[in-house]
Every structure is written in C-alpha cells, then in structure tokens.
1. When a footprinting reagent is the concern and you count Cβ atoms within 10 Å, what order do Lys51, Lys143 take, fewest first?
2. In nm, to one decimal, how far is the Gln153 label point from the Glu17 one, both placed 7 Å along Cα→Cβ?
3. Hey, rough spin-label estimate for Lys24 and Met93, points 7 angstrom out along Cα→Cβ, what's it come to in nanometres?
4. When only C-alpha pairs under 8 Å and at least 6 residues apart count, what is the relative contact order of the range 125-194, in percent?
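Bear in mind that the values in this text are calculations on the coordinates, not laboratory data. Source: prediction; values computed, not measured. Cβ placement follows ideal geometry from the backbone for every residue including glycine, while neighbour counts extend to all protein chains displayed.
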Amino acid sequence: MQLINFNRNKEAQTDAELLESYLKNNNQEILGELYSYYMHLVYGVCLKYFKDRELAQDAVIELYEKVLVEINRHTITNFKSWLYVVTKNYCLMELRKTKPGSHFSVSTDNEMENFMEKNTEMHPIDEEQNAKLEKALADCIAKLKVEQQKCIQLFYYENRCYREIASQLNIEEKKVKSFIQNGKRNLKICLETEK
C-alpha cells in the first residue's frame, strides 16, 4: 500500500476551515483532504508503537474510519493535536489486545481536551505554518548540522519516511531518527532564543 500525502498549497484552507466545512456539510471528501495532510504523522506514530510497517499502514486506514466516528463527539480546537492523541490511544489499545496483562497508559477524554487546548507536546515544526514561523524555522534549520538539515528537510518538507531518507542519504534508519530528533531539539532551542 502506498501512503498518499497531499502537500497543502498557499491558497488551501486551514485545518480549522476544513474541519468547520466538514462538520457543516458532512462531506467525507473534505475530511479525507484534511486527514491526508497528516497521514505521515499517523503512520509515524503507528510505526513507533507497532514497529511493523504493514500494521502501521493498515492502522492509517482503520484510523480514518475511527476519525469519522469520533470527530463529531469532540469539540476540536486543533485537529492535528487531536488526531495525534486519537492515533496514540488507538495504538495503545491495539497493543493491549495483543499483550493481555500489559498496562499501557491511554488518555482519557478529559486529558484529550487538555492536550487539544494546550497543545503541549507539539513541536513548532509540527504546527500549522505561518510566514513568521516559516522564516524563523528556515533560519534555524540553516544553523543545524548538515545531516540534521537534510533529514529534517526530507522528513518534514518532502514527506519522506525514514526508510526513504536512509536510502537516499545512504545511512541507517536509526541514524535518520536520531538526526531528526536531535534536529528538532536544536530547532526548538534556536526558536526559543530567537524570540
């Protein structure tokens, strides 16, 4: 299965506009468009928990069905944050089914609401972009080590998965993950000092 990921052009509607339009018209094409922007995020979270590409790909499809059901049950202030929590909870519930007796922490509705409003786990590079943030990110990315720059660019701006990046840069997937994590940490520090 090929994961399709749509890049949003400058004229495209924001998450909030698409969500409002979907809730008003109940048009699944609108929700599909919104979900498609974050399929790489959903896939990445699922891959982190399942450690299996096929399971993660199947979960992306199953999670879209779950989103269809859940989206009307919550007041969503940040679709991306909400989707992250729904994805994480889905993964933890699936793991719980396969490993009886194991304890996994799943967010309650109240915790989900707090996460959605406070957006605490989001990194600036994961947030909806605006001109000021894009400029600050570009400046900070330019200050990263070359390997971190390349991995961040390929992962976030060209929507490549770890395997594709590892192949393109001729390095191990573990290194790609490390460069992205360290790059994100350095970006956050840089963005905070630029304020």
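1. Ascending number of Cβ neighbours within 10 Å: Lys51, Lys143.
2. 3.0 nm
3. 3.0 nm
4. 38 percent
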